[in-house]
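Engineer: Have a look at this one before I ask anything.
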Amino acid sequence: MNIFKRYTSSLVFSSLLIPVLIILHWFGDVINQLFHTSFGTFFSSLLPAYLNYYPLLLAACFAYFFSNKKDATAVLSGIIAFIVLTNIASIELLNVALDGVLGSEFTSLNNINTPFIGILCGLFAAKINNRFSGITLPSGFAFFSGKRLVPILTGFFMIPISILIVIIWPVFYKGIIRITLLKDALHGLGYFFYKVIQLLGSLVGISFLPVLHNTSIMNSFELQIFRVVMPLVLLIIFLSFNEQNKKSYLVLFTLFILSSIITGTTLLFGFILFAMNPKYFFAHVFIYASFFSLHFYYQVELEVVIFTCFIVYTIVFTYLLFSKKVVNFLEEETKPKFSKTEIEMVMEMIGGYENVESIEKNNDEIFVNVVEEMYINIPDTFHSDKLAIKKINKTVAIDTPEADELHILIENALLDQKDLLIL
């Protein structure tokens with residue numbers, strides 16, 4: 001799994017529940033208004049509670065997907081890293097560090113508990129896990145070797161990292177404020193670049209920027225435009241899928257479309273486009289930033305902007321998605337990388353299905369332990385454009401970038417053979 005897939009998987013998996021919670025939040029508000037009761041508060045309070053712990057969930061997801069060994073230890077390390085950092089870099093300590101800094105009235109940046117910090121903690125935890133998960137301690141401390149050592153070291157290493165972040169946070173803070181000032185300095189172009197930076201920042205957990213006069217720039221403009229545009233683009237994306245993917249993504253896209261109509265916010269919409277292909281995301285950024293500057297600086301009527309934006313998004317994304325000139329990674333991931341013939345060839349080299357004793361995966365390698373070494377039907381090594389196979393005594397090692405998929409395909413093939421034997 002390359003870095004892009006790891007990153008997009010971390011963003012998307014940590015956000016999958018948000019559309020459901022948005023719908024429940026709306027449902028709770030409707031119940032309260034219709035029946036004049038507070039029963040709906042139970043549903044409407046779920047979304048704020050989830051978003052409050054969203055940075056922690058990002059830390060866990062990034063630690064899991066960026067670790068070579070994806071297990072509970074990686075998740076625990078990400079959680080520990082986040083807890084240690086946010087407790088050391090408390091709001092009180094940050095206020096002391098930011099005392100007298102330009103723009104310190106923007107309290108939204110006085111709290112370290114942000115998605116950006118969650119992503120950082122997850123990456124730090126994954127790095128520590130990859131480096132120390134295989135360490136063996138002397139016999140007296142052997143109990144703490146390997147996986148047990150990783151959470152301990154994560155907590156230890158996060159102490160100096162937390163102190164360092166407190167030191168550099170004022171510099172980061174001033175950089176954010178200067179970006180805000182850039183908006184007014186460059187006039188219409190400033191509004192364009194401001195929105196570009198804001199949308200790009202959402203990919204690293206900076207989902208908003210403060211603006212002058214202590215108001216949010218994500219106001220009714222976004223809500224009105226994208227309650228119309230997002231459902232349209234999501235529908236175009238869904239229709240561009242093949243029949244198999246339409247079945248796979250039907251529920252997910254239905255939830256995203258409903259939540260986008262309710263809220264109009266583009267954060268999850270941007271994640272989906274980025275996961276499909278960064279080119280789709282950058283097309284969205286350019287179009288959105290252009291119309292944003294037209295409305296706010298050049299004072300073009302909002303109704304005109306909404307109508308024109310609707311037309312432009314329709315034309316651009318219909319062309320990109322149906323012309324197939326830009327690869328859709330969501331669709332690519334569901335296409336098998338190995339054919340049935342290739343699986344049969346691998347099994348023949350191993351010595352047949354009945355010669356498989358056990359199978360396990362470690363990173364990009366699959367290890368097949370065989371019953372009889374004499375039935376292995378390969379030279380010392382075998383190479384192709386998809387995989388490399390080598391024989392190590394009674395074990396066959398298969399090295400491939402698509403180890404996750406091949407491991408599942410081989411296990412499924414083994415189960416199918418067992419079912420045939422039973423019949």
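Engineer: Find the centroid of the Cα atoms in the stretch 223-268 and in the stretch 118-148, then give the distance between the two in whole Å.
Structural biologist: Spelled out, the Cα-based centre of one part sits 40 Å from the other.
Engineer: Please work out whether the stretch 340-422 counts as rounded, prolate or oblate from its C-alpha gyration tensor, where a ≥ b ≥ c are the square roots of the eigenvalues and a/c under 1.5 means rounded, while otherwise a/b larger than b/c means prolate and anything else oblate?
Structural biologist: It is oblate, given that a/c is not under 1.5 and a/b is not larger than b/c.
Engineer: If you take the beta carbon distance between Lys324 and Ser384 as r and set R0 to 25 Å, what does 1/(1 + (r/R0)^6) give as a FRET efficiency, to the nearest 0.05?
Structural biologist: Using R0 = 25 Å, I get an efficiency of 0.40.
Engineer: Once Rg/Rh (Cα atoms, Kirkwood Rh) is worked out from the coordinates, which option in (i) 1.00; (ii) 1.03; (iii) 0.98 does it equal?
Structural biologist: (ii)
Engineer: About the Cα centre of the chain, how large is the charge dipole given +1 on each Lys and Arg Cβ and -1 on each Asp and Glu Cβ? Please answer in debye to the nearest 20.
Structural biologist: Dipole of the chain, to the nearest 20 debye: 880 debye.
Engineer: Let me ask you something else. Can you sort Met349, Met230, Met374 so the residue with the fewest Cβ neighbours within 10 Å comes first?
Structural biologist: Met374, Met349, Met230
Engineer: Can you give the extra length, in nm with one decimal, that the chain gains between Gln244 and Tyr53 once fully stretched, where that is 0.36 nm per residue apart less the Cα-Cα distance?
Structural biologist: 65.3 nm
Engineer: Okay, helix-only estimate at 222 nm for the chain: each DSSP H run of n ≥ 4 adds -39500 (n - 2.57), divide by all residues, round to 500 deg cm²/dmol; what do you get?
Structural biologist: Theoretical 222 nm ellipticity from helices: -21500 deg cm²/dmol.
Engineer: Each residue of the stretch 10-15 in order: what ³J(HN,Hα) in whole Hz does its phi give by Karplus 6.51 cos²θ - 1.76 cosθ + 1.60, θ = phi - 60°, with x for Gly and Pro?
Structural biologist: Here the 3J(HN,Hα) series is 5, 5, 6, 5, 6, 10 Hz.
Engineer: For helix 267-276, what angle does its Cα long axis make with the longest principal axis of the chain, in degrees from 0 to 90 and rounded to 10?
Structural biologist: 40 degrees
Engineer: Through the Karplus equation 6.51 cos²θ - 1.76 cosθ + 1.60, θ set to phi - 60°, convert the phi angles of the stretch 315-330 into ³J(HN,Hα) values in whole Hz; use x for Gly and Pro.
Structural biologist: Computed from phi, the couplings for the stretch 315-330 are 5, 4, 6, 5, 5, 4, 7, 8, 6, 6, 7, 10, 5, 9, 5, 4 Hz.
Engineer: What number comes out for the charge environment of Tyr375, summing +1 per Lys or Arg and -1 per Asp or Glu over other residues with Cβ under 14 Å away?
Structural biologist: The answer is -3.
Engineer: Compute the label zone of Ala142 within the stretch 56-74: residues whose backbone N is under 12 Å from the point 7 Å along Cα-to-Cβ.
Structural biologist: none
Engineer: Quick one: among Phe62, Phe141, Phe281, which has the greatest mean-square fluctuation in a GNM of the chain with alpha-carbon springs under 10 angstrom?
Structural biologist: Result: Phe141 has the largest fluctuation of those listed.
Bear in mind these aren't lab numbers, they're just calculated from the coordinates by the rules spelled out. Please read all numbers here as calculations on a predicted model, not as lab measurements. All Cβ positions, glycine included, derive from the backbone under ideal geometry; neighbour counts span all protein chains shown.
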